[in-house]
Ligand SMILES: [Zn+2]
């Protein structure tokens, strides 16, 4: 399990956005700017609802 992406629903505006599971920088919602993922050194801390896991190709 390395390099997965997650489809995350923003808790504020319900925008669906794909977030890298090991994001090394904070990922903000493209619509409202809410933080969707925070880097932790390993797997990112996902703030919104994960709708789906998208395997890296
Ligand atoms: Zn949003």
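FYI, it's all coordinate maths here, none of it is from the lab. Not measured: the values here are computed from a predicted model. Don't worry about glycine lacking a Cβ; one is built from the backbone with ideal geometry, like all the others, and counts go over all protein chains shown.
Computed over the chain, the P(r) curve from all C-alpha pair distances, binned at 10 Å from the origin, holds 29, 57, 14, 0 percent per bin.
Based on other C-beta atoms within 10 Å, arrange 16, 47, 55 from fewest to most.
Numbers: 16 14, 47 18, 55 8.
Ranking 16, 47, 55 by Cβ neighbours within 10 Å, fewest first, gives 55, 16, 47.
Considering the zone a paramagnetic label at residue 49 would reach in this model (a point 7 Å from Cα along the Cα-to-Cβ line), which residues of segment 1-29 have amide N under 15 Å from it? From segment 1-29, the list is 7-17.
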